[in-house]
Number of protein chains: 2
Amino acid sequence: MPPTTAATDGPDTVEDRLRAAGWRMTVQRRVIAEAFDQRRRDGRDVHLTAEQVLAAARATLPDVSLATVYNTLNDLVELGALAEVSPDDGPRRYDANVADDHQHLVCVDCSRVVDVHLPTRPTLGPDARHGFDVAGVEVTFRGRCPDCRAA
Amino acid sequence: MPPTTAATDGPDTVEDRLRAAGWRMTVQRRVIAEAFDQRRRDGRDVHLTAEQVLAAARATLPDVSLATVYNTLNDLVELGALAEVSPDDGPRRYDANVADDHQHLVCVDCSRVVDVHLPTRPTLGPDARHGFDVAGVEVTFRGRCPDCRAA
DNA sequence: ATGGGTGCAAAGAGTTTGCAACTAC
DNA sequence: GTAGTTGCAAACTCTTTGCACCCAT
């Protein structure tokens, strides 16, 4: 089972990535990974805050600590199994969808995040790079979600 | 004088906008606005943190408080005279260049921000909006600036 | 058995806020 | 004179860290 699989579907879960990296599989890490994997299996976008992960993890393991959640989330980001979503303010969100290149649509009222796909992503001409070694682009659309428009 | 002026050049300073909005011109607000206006006059990109604004303001008015800086920056953002630049982490930055549509190039090491201009900015097809009322896009290129590459 | 992982509580960064004194209008 | 502003300090939110105990390997 190749550890660098990047299929949209299949066994490329957060937990798999943890295992593939050769880390100790503790119950805590398993339930934290499961918070993402379960929702992904349901076909949903997953952009959880640390508190949401804590809540999900505590559903099966009531004594997990917020510190462990943060530690694990940071480890998973460093590993490349999760991506951070920059909010304008409020708590950071973690995105389990690292396999396909996508952008975000964020609700300015409730901070809900939805994945969107651009046909082509913006690039910077060599003359516009100001000598920077450009590593990536991040595109965020901001607006109001249907629920907040109704309210 | 319409308060929604947005000329690229001319007397459209942060201080002007403050005045145009009919606010009380205190010394504090003047020196805070000046921190942006002075650098803009020099033709520089201006993306200051609250601490940098405080330092600049204290150069001429040693007793300004950080709280006043924050209050004023928030007021100026609400007024539309400044724009917030979302960092991935670290302190928020404030951009005085609200007149022309532009994007940012941010150094992942030192957080330096440079303005860049895209020929066309990305848009979302109606079917990709997920029912959102999309109000704006934000494009951020990330990489290493020349100084940090050298180091 | 042992080194990495955990939980707790305390510290930390960045920002906001309550309130009495002050000042631009 | 009076309402809007200020400065201070305390509070707040989110995240990180130090340390003693614990458990996956």
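Dividing the summed -39500 (n - 2.57) terms of all DSSP H runs of n ≥ 4 by the residue count of chain B sets its mean residue ellipticity at 222 nm at -10000 deg cm²/dmol.
Per residue, the Cα convex hull of segment B:80-133 amounts to 132 Å³. Partner shielding of B:114-122 amounts to 4, given as the average count of beta-carbon atoms from other chains within 10 Å of each residue beta-carbon. Copy-to-copy label distances for residue A:63, where each label lies 7 Å from Cα along Cα-to-Cβ, are 5.7 nm in order of increasing length. Highest mean first, the peptides A:30-36, B:117-123, A:17-23, A:91-97 sorted by other C-beta atoms within 10 Å per residue fall in the order A:30-36, A:91-97, A:17-23, B:117-123.
For a paramagnetic label modelled at 7 Å from the Cα of residue B:83 toward its Cβ, which residues of segment B:106-133 fall within the zone defined by backbone nitrogen distances under 20 Å? Zone members listed by number: B:106-108, B:111-125, B:133. Cβ crowding within 10 Å ranks A:79, B:76 as A:79, B:76, fewest other Cβ atoms first. Put simply, when B:48-57, A:43-52 are sorted by average Cβ atoms within 10 angstrom per residue, most first, you get B:48-57, A:43-52.
Each listed q (0.08, 0.10, 0.16 Å⁻¹) maps to a log10 I(q)/I(0) for the protein assembly as shown, found by the Debye formula over equal Cα scatterers with no solvent: -0.44, -0.68, -1.37. Counting charges near residue A:64 (Lys, Arg +1; Asp, Glu -1) among other residues having Cβ under 13 Å from its Cβ returns a value of 0.
Which value, in Å³ per residue, describes the convex hull spanned by the Cα atoms of segment A:35-151? Spell out each step's value before the answer.
Working: hull volume 17.6 nm³, N = 117.
Per residue, the Cα convex hull of segment A:35-151 comes to 150 Å³.
A cut-off of 5 Å between modelled amide H atoms, ignoring neighbours fewer than 5 places along the same chain, links residue A:104 with A:116, A:139, A:141. Annotation: the antiparallel percentage among DSSP beta bridges lying fully within the protein assembly as shown is about 80. Placing dummy labels 7 Å off each Cα toward the beta-carbon, the span from residue B:63 to residue A:74 is 4.1 nm.
With both residues required to sit in chain A, DSSP beta bridges show an antiparallel share near 70%.
Here, each number is a calculation from the coordinates, and none is a lab measurement. Keep in mind the model is a prediction, meaning the values are calculated, not measured. Here the Cβ is made from the backbone with ideal geometry for all residues, glycine too, and neighbour counts use every protein chain on show.
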